[in-house]
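K.L.:
This structure is in structure tokens; I'll ask about it shortly.
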Amino acid sequence: EARMIIAIDGPAAAGKGTLSRRIAEAYGFHHLDTGLTYRATAKALLDAGLPLDDEAIAEGVALNLDLGGLDRDVLSAHHIGEAASKIAVMPAVRRALVEAQRSFSTRLPGTVLDGRDIGTVVCPQAAVKLYVTASPEVRARRRHDEIIAKGLDADFDAIFADVKIRDERDMGRADSPLKPAEDAHLLDTSEMSIEAAFLAAKTLIDAAL
Ligand code: C5P
């Protein structure tokens, strides 16, 4: 039986992560949140006191990344996401991480990869491509509510501003900018529950199985 690759792209806080985990669980597929590979590279640089703007140094760290050691909780901090989006503009860093992501994508019986460039660059041959979006207001609101739910303080206006800055950086970069693949299915989750988004995805995946 052939392996199946499902590519899920979209901007920060659109619901890709939750949807990807749900799909991976339902089909028994391996899941890789590729944002964590950029985050882990950025964190390793920060921890070692190394600069975020030296491409050769960042490439060296990216080449040594261990996909087995990615911990979402440790990597979720806001400043790590910011640093990740800065090193993600460097072609040598992207080349190193894309190589590791492609190698992961071949695992059996199938894989779900989520990020910004999975359907366009990492796995253009993916059987199903989803481009998950939601309005910037809705994404900022979800981020805000997640932080409040953890019992922490959150400032909606600051989060909203951050969401827009991150979008600009991810969509505006020259190498692998965030955009839907031509054959991607658009899924706007602004007014959709996770379950409704999963059912929409399931229909597409079952048709491709
Ligand atoms: O999705 P997440 O917020 O964890 O990603 C952090 C940053 O890593 C993004 O803002 C983006 O700049 C970068 N990234 C990327 N390509 C991917 C996944 C993440 O450039 N496939």
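K.L.:
Do you know the relative contact order of segment 1-84, to the nearest whole percent, from alpha carbon pairs under 8 angstrom that are 6+ apart?
P.N.:
28 percent
K.L.:
Along the charge dipole of segment 162-209, pointing to its positive end and built from +1/-1 on Cβ of Lys, Arg, Asp and Glu, which listed residue (Thr189, Gly172, Leu204) has its Cα farthest out?
P.N.:
Gly172
K.L.:
Report, in listed order, any pair from Lys129/Lys202; Lys43/Lys129; Lys16/Lys179; Lys86/Lys129; Lys43/Lys86; Lys16/Lys129 with a Cα-Cα distance greater than 18 Å.
P.N.:
Exceeds cut-off: Lys43/Lys129; Lys86/Lys129.
K.L.:
Okay, next question. Considering only Ala158, Ile57, Val128, whose Cα is most displaced toward the positive end of the charge dipole of the chain, charges sitting on Cβ of Lys, Arg (+1) and Asp, Glu (-1)?
P.N.:
Val128
K.L.:
Which residue, Asp33, Asp170, Asp188, has the most motion in a Gaussian network model of the chain that connects Cα atoms within less than 10 Å?
P.N.:
Judging by the Gaussian network model, the answer is Asp188.
K.L.:
For segment 1-123, give the magnitude of the charge dipole about the Cα centre (Cβ charges: +1 Lys/Arg, -1 Asp/Glu; no others), in debye to the nearest 20.
P.N.:
340 debye
K.L.:
Could you tell me how many cubic angstrom of Cα convex hull volume the chain has per residue?
P.N.:
Spread over its residues, the Cα hull of the chain gives 118 Å³ apiece.
K.L.:
Same structure, new question: Gaussian network model of the chain, Cα springs within a sub-10 Å range: biggest mean-square fluctuation belongs to which of Glu99, Glu137, Glu146?
P.N.:
Glu146
K.L.:
While we're here: Once you charge only the Cβ atoms, +1 for Lys and Arg and -1 for Asp and Glu, what is the size of the charge dipole of the chain about its Cα centre, to the nearest 20 debye?
P.N.:
It comes to approximately 360 debye.
K.L.:
When the dipole is taken about the Cα centre of segment 118-196, and only Lys, Arg (+1) and Asp, Glu (-1) are charged at their Cβ, what size is it in debye, to the nearest 20?
P.N.:
For segment 118-196, the charge dipole is close to 200 debye.
K.L.:
Over the chain, calculate the relative contact order: mean separation of alpha carbon pairs under 8 Å at least 6 apart, over the residue count, as a percent.
P.N.:
Relative contact order here is 34 percent.
K.L.:
Would you look at the GNM of the chain, springs on alpha carbons closer than 10 Å, and say which of Val61, Val121, Val74 moves the most?
P.N.:
Highest fluctuation of the listed residues: Val74.
Since every read-out is calculated from the coordinates, none of them should be taken as a lab result. Note that the structure is predicted; figures quoted are calculated from it, not measured. Every residue, glycine as well, gets a Cβ built from its backbone with ideal geometry; the counts of neighbours run over all protein chains shown.
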